[in-house]
Structure formats: structure tokens, C-alpha cells
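Chemist: Before I ask anything, here is the structure I am working with.
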Amino acid sequence: MRVEIGLDDTDSADGMCTTYIAHRLVERLLKTGAAEASDYPRLIRLNPNIPWKTRGNGAVTIPVRTRDPNTAFQEACRAVEEYSEAGRGAADPGVVVSTLEQIPKDIKQFAEKALSEVVTRREAVRLMKKYNMQFRGWGTQRGLIGALAAIGSRLEEDRTFELLAFRSQENWGVKKRKIDPISVREMSLKTHPRTFNSFDEEKERVMITPRGPDPVLLGIRGEDPEALLEAYSIVKIGEAVDGHMIFKSNQGTGVHLKPELNPAELKAYRAGHLKCTVSKKPWIERGGHAYFEAENGGHTVTCAAYEPTGGFRKTVLNLIPGDTVEVGGSIRKKSRKHGAAINLEYLRVLELAKDISISNPLCRRCGRRMESQGRGQPFRCSACGFEDSSAEKIRAEQPRAVQKNLYLPPPRAQRHLTKPLQRYQANNRKPMNLIDGWFKPTAIPPLKQAKT
Ligand SMILES: [Zn+2]
């Protein structure tokens, strides 16, 4: 029987991670023979703008084959209780088990909505009851939303993979990961574009390691499991590794920006895209944040590129009124200082307006620039005194510093779901079977010999 076990919201700011619990759960299911893996576990990133999310807002579902879904459910609940921060931190976990042969349309739609909008636990519970799914939530049970959304996200149009390796327990809480940065750069150069966002060349920054106290040692993202294993073998690691697992994921697919935003009603936390015309010269504000105003159907929207987006802001500042653009991003809530703004995740320049500069003519006698003496008056040269009633203002088209192109913030400022530049070429939907090495269990320390 095909079963999926959805998990979410087991992590909190001070430690645990849903992917780690998924790893422990897979290990337990395989070891006890309670189930066998039927596909890669899926790591599903949900709407990244929800303010009450924990770090990455990632949920996990594990597709297995089992004769006994009830045991699978019990094991999942046990893993969550043993490892999660339920009751300790801000975690409100949820576990959902589906035995459905086909995932119904309304569950898929619920999952889609969870990527770009705000969904409620109530909607999740209604669907789970409708389809007789086993579920259990802890605390506020918020985790049920992600757990169900992970089951409903089938990644039919595009998906990527991520290999996550875990740290030995004695290193949890130590924020620095012992990874050789030179080897990460080498790995990135050798395996790109089959892997992506491993190394930020501009800042020479390793991007595969989280910086928190959680059990994740590193995560390598890419297009297929083989590339990930190859990349992983290149990275030099200076601390104990406690197993790894390859996940299928919606990371790097940009799927959260698929809906079209409604310019008449920019709802906070919503994500999507919008075509609009730049209506006001871009400007930069204190803190280094760049903004411009644009117009769509009589509605004005503000678009923002924040300071951490680095060189991306330069592109934004080079826009001029009249440019047609498509922007993708999420809506930042209205504040006392600012109206709602679209926080840009990409900018596609569709049409460039002509940048016309108007200047006074040059003097026919001495070549210097002339001065205007007012409307209807001839231009006058202040250098030689020549007056020229036939001279006219010069209209010149300036070259533009932006092109009709797609622009993204640098990798370090991208979100989990942001589609990296090279992934715009083609979606990846090739089926991929489980390969050897997709899962490695926890390294179990050898038993100490009893003293005789
Ligand atoms: Zn002159």
C-alpha cells in the first residue's frame, strides 16, 4: 500500500529541524521493516513570507510502501515527540498520513495556495477529515498545514533535489560548521549547473551551510541525485557526519511566484508576479534600500529592492518612467512609514522607454554651450556674446544601462524558492528512481568492549 507521511513545524529558532526528524524516521521505518521507501522524501518550502514561520518554512513528506499505515503513523508521532521542540520552543508540529491512491484536486489546490497565500489550520483539518486521513497536531497544531501541503505538492511541473547531511549530536549548538571553503568552491565549479547556489562568487561565501544551532551540517542543491552525490564527495568536511538523505524539492523552482498579483489589493504576505509600467524615477532611501513606483490598470504599486540584494539595486535604480517590467516577489505589510510594497525577487525588463536628454545647443561661433534667455528669446553664448535665434534645444537619446533581460538578486540574497538564473532555461520533470546512496543512516558508534 502506498502511504505518505507528512511532517511539519517541528523546528524552532533554537534547534530542531524537520528534515532531521524525517531522516531519523526513515531510518527507523527501514530498520524495523515497518515500511520501505517508494520515492525520495519531498522537502516542500511554503510561502516564505509568513511572519510566524520558523527559519525556512519547510515541510516534509515521506512516500513509503507499507502493509501497516497505522504503525507508520505511530512511528512518525513517536519521532516527533522524541526529537521535536514541541512544548519546548515555538514548535507546533503536525503529522499527517495519507493512504490515498490519487491525491485529490482540492488537496493539490490547498498545497498550491500554501505556497503563495496564507492558509488556515481549519482548511487543512476539513480536508483531512473529508478524506479520512490520520493526523495529529501538537500545540497550536499549525504544523498540520505544512504536513498536508507537503503531501499535496506533487512537483509535477518542476523540481530540484537537495542532499542534506547531518551533524553529530555533540556539535549541535556550535554554529560554525567545519567545512573547507576552497573545496566548496571547487565543487561548485565542477558540478554547476547540475548543482546551484553553493558558493557566492561576489562575496566568496559558502552557501551550503546553515548558520544556526540546528542539526543540519550542509545542504547541496541540484538537478539530480547523481550530481549531488558527486558534489558531496568533493566537499572536505572536518567534523563528524551523522548520515545524509536526498530530498526532492520545490526549492529553486520559483513556483510561489506563479500567481498574478492584484494591483488593486496588495494583500500582505502574498507572493506572485505583476506586469507594470515604471511611473516614477527610482530612488534610494536610508539603509540603502532602492524603490520605484509602477502603475498597472490605474493602480500604483511600490517595488522594493532591499540593501542585501547588493548589485541588483543598481539595475532597479537604472529604470526610468515608461519602462515596462514584470516583477516577482512578495508583499511586505503596510507599516507606519511605508505603504505595502512588493519585495522584489526578480525583475524582468520587457520594454525600455527612450531616455531622452534635452540640452541647450552649442555656439556656432565658438563651440561652447549656449544659455537660454527664456521663452521666445534667442539662445545666447556667454563666452563670445553671439546670439542665435535659429538655434534649438538638442534632444538626444541616451544609451540605457539596463537591457531587456531578466535580473535577480545575488544567490546570497535569494530565498529557498527563488528560481536561480540558469534554471530559467528548462523545467526539470524527468522521473528519477531512488539511487544507491540516496540515504545513509546515522553513524552508530561501535559498542565498547566490556572489561574482563
Ligand atoms: Zn560663442
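The values are calculated or read from the model by the stated rules, or taken from the named source; none is laboratory data. Everything numeric in this text was worked out from a predicted model, so none of it was measured. Neighbour counts run over all protein chains shown; Cβ positions are idealised from the backbone, glycine included.
Chemist: Quick one: which residue in 356, 331 is more than 30 Å from residue 418 (Cα to Cα) and β-branched (Val, Ile, Thr)?
Modeler: Within the list 356, 331, the selection yields 356.
Chemist: While we're on this one: What number of residues within the stretch 84-101 are at pLDDT below 95 and not in a strand (DSSP E or B)?
Modeler: Going residue by residue through the stretch 84-101, those that are at pLDDT below 95 are 84-94, 101.
Subsequent filtering for residues that are not in a strand (DSSP E or B) retains 84-93, 101.
Here the count works out to 11.
Chemist: In the stretch 111-156, how many residues are under 21 Å from the mean Cα position of the chain (by Cα), surrounded by 22 or more Cβ atoms within 10 Å (Cβ to Cβ) and assigned to a helix (DSSP H, G or I)?
Modeler: Here the count works out to 13.
Chemist: Considering only residues that are under 27 Å from residue 43 (Cβ atoms) and exposed (fewer than 15 other Cβ atoms within 10 Å of the Cβ), which ones fall in the stretch 248-281? Quick ask: steps written out before the conclusion?
Modeler: In the first step, residues of the stretch 248-281 are kept if they are under 27 Å from residue 43 (Cβ atoms); the result is 248-261, 267-273.
Correct list: 260, 267, 268.
Chemist: Would you be able to tell me the number of residues in the stretch 366-378 that are surrounded by 13 or more Cβ atoms within 10 Å (Cβ to Cβ) and over 57 Å from the mean Cα position of the chain (by Cα)?
Modeler: Looking only at that region, the number is 1.
Chemist: Can you pull out every residue in the stretch 422-443 that is of a type in the set (Phe, Trp, Tyr) and not in a loop (DSSP other than H, G, I, E, B)?
Modeler: 424, 439
Chemist: Tell me, which residue of the stretch 368-390 that is within 11 Å of the ligand (Cβ to nearest atom) and in a loop (DSSP other than H, G, I, E, B) is nearest to residue 320 (Cα to Cα)? Can you show your working first?
Modeler: Keep residues of the stretch 368-390 that are within 11 Å of the ligand (Cβ to nearest atom), which gives 368-371, 379-388.
Narrowing the set further to residues that are in a loop (DSSP other than H, G, I, E, B) leaves 368, 370, 381-386.
Values: 368: 29, 370: 28, 381: 32, 382: 33, 383: 34, 384: 37, 385: 37, 386: 36 Å.
That would be 370.
Chemist: Further question on the same structure: Can you go through 307, 295 and tell me which one is closer than 27 Å to residue 268 by Cβ and at pLDDT 95 or above?
Modeler: After ruling out the rest, the residue left standing is 295.
Chemist: Quickly run through the stretch 118-167 and pick out the residues that are over 19 Å from residue 4 (Cα atoms), modelled with pLDDT under 95 and aliphatic (A, V, I, L, M).
Modeler: Answer for the stretch 118-167, where residues must be over 19 Å from residue 4 (Cα atoms), modelled with pLDDT under 95 and aliphatic (A, V, I, L, M): 118, 119.
Chemist: Quick check: anything in the stretch 392-415 assigned to a strand (DSSP E or B), modelled with pLDDT of 90 or more and within 16 Å of the ligand (Cβ to nearest atom)?
Modeler: yes
Chemist: Of all residues in the stretch 219-271, which are free of Cβ contacts under 8 Å to residues at least 24 places away in the same chain, farther than 17 Å from residue 441 by Cα and not in a loop (DSSP other than H, G, I, E, B)?
Modeler: Passing the criteria: only 260.
Chemist: Give, as residue ranges, the strands (runs of 3 or more DSSP E) completely inside the stretch 312-367 that count at least 1 residues that are more than 16 Å from the ligand (Cβ to nearest atom) and touching a helix residue (DSSP H, G or I) at 6+ places or on another chain (Cβ under 6 Å).
Modeler: In the stretch 312-367, 324-332 are the strands (runs of 3 or more DSSP E) which contain 1 or more residues that are more than 16 Å from the ligand (Cβ to nearest atom) and touching a helix residue (DSSP H, G or I) at 6+ places or on another chain (Cβ under 6 Å).
Chemist: In addition: Can you confirm whether the stretch 293-310 contains a residue that is more than 16 Å from the ligand (Cβ to nearest atom), outside any strand (DSSP E or B) and touching a Cys at 6+ places or on another chain (Cβ under 8 Å)?
Modeler: no
Chemist: So which of 419, 333, 354 is touching a Gly at 6+ places or on another chain (Cβ under 7 Å) and within 24 Å of residue 275 (Cβ to Cβ)?
Modeler: From the options 419, 333, 354, the qualifying one is 419.
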